[in-house]
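Every number in this text was worked out from the coordinates using simple rules, so none of it is lab data. The shown structure was predicted, so the numbers you read here are calculated from the model rather than taken from an experiment. Because the Cβ atoms are built from the backbone with ideal geometry, glycine has one as well, and the counts that use them run over all protein chains shown.
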Amino acid sequence: MTLFIGLGNPGERYEETRHNIGFKVIDTLIDNFGARDISKNTFYGQLSRSTHSLFLKPTTYMNLSGKSALPVKQFFKIELEDVIVIHDDIDLPFGAVRFKRGGGHGGHNGLKSLDETLTKEYIRVRIGVGKPEHRSQVADYVLHDFLQEEQADIPLLITHVAKACTMLKEEALTKVKSLYSIKSIEGLKG
């Protein structure tokens, strides 16, 4: 069983923000796999299941994502190598997509929470959202909607990441990296 965790914040206010790109990918995966909702209060999130996959959108807010991920992982006895986390990354240009196992949290509070509860050795699907001019603007930046010109490219980006995630269920991380890593959104438009 594979557990996909999309990071984001619950509620309409955050729906279109940069921080919620992980939620958007999970929504697409749920549709693609025809997953059904199996949420319970003890999971602190919206959980859906298909035959061989679980799809989690924590409703704890970003900073407490681990509070949702841990009970799901434990209940379904998911191995750490079968946990795939999809998240925004300000250290990558808009539309870049990277994959890795383990690593630091880079100041990302959702990853920090997961690292504390799960350890760091899960697979990370990093989606570039660009970064603000000043470090002091990060919180405000990720909690704002994508720019108008970026919004048109979001469906293309989400489709690309969802395909990569589907492949991660069956193929080695190195193969998925070679086929789906891109440096910017321009890599999908060619």
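Restricting to the chain, what percent of DSSP beta bridges are antiparallel, rounded to 5? Provide the component values of the computation, followed by the final result.
On the way: 14 of 28 bridges.
Once the DSSP bridges in the chain are tallied, antiparallel ones form about 50 percent.
Be a star and scan region 56-95 for residues whose amide nitrogen sits under 15 Å from the point 7 Å along the Cα-to-Cβ vector of residue 135.
Residues passing the 15 Å test: 90-91.
Give me the net charge for the shell around residue 93: Cβ to Cβ below 13 angstrom, other residues only, Lys and Arg +1, Asp and Glu -1.
Numbers: positive: 18, 98, 126, 131, 183; negative: 88, 89, 91, 150, 153, 186.
Taking every other residue near residue 93 into account, the sum is -1.
Report the extension gain between residue 189 and residue 172 in nm, rounded to one decimal, defined as 0.36 nm multiplied by the number of residues separating them, less their alpha carbon distance.
On the way: separation 17, 0.36 × 17 = 6.12 nm, distance 2.57 nm.
Length gained between residue 189 and residue 172: 3.6 nm.
Please list 26-34, 177-185, 108-116, 144-152 highest first by mean number of surrounding beta-carbon atoms within 10 Å per residue.
Details: 26-34: 18.3, 177-185: 15.6, 108-116: 21.2, 144-152: 12.3.
The peptides rank, most packed first, as 108-116, 26-34, 177-185, 144-152.
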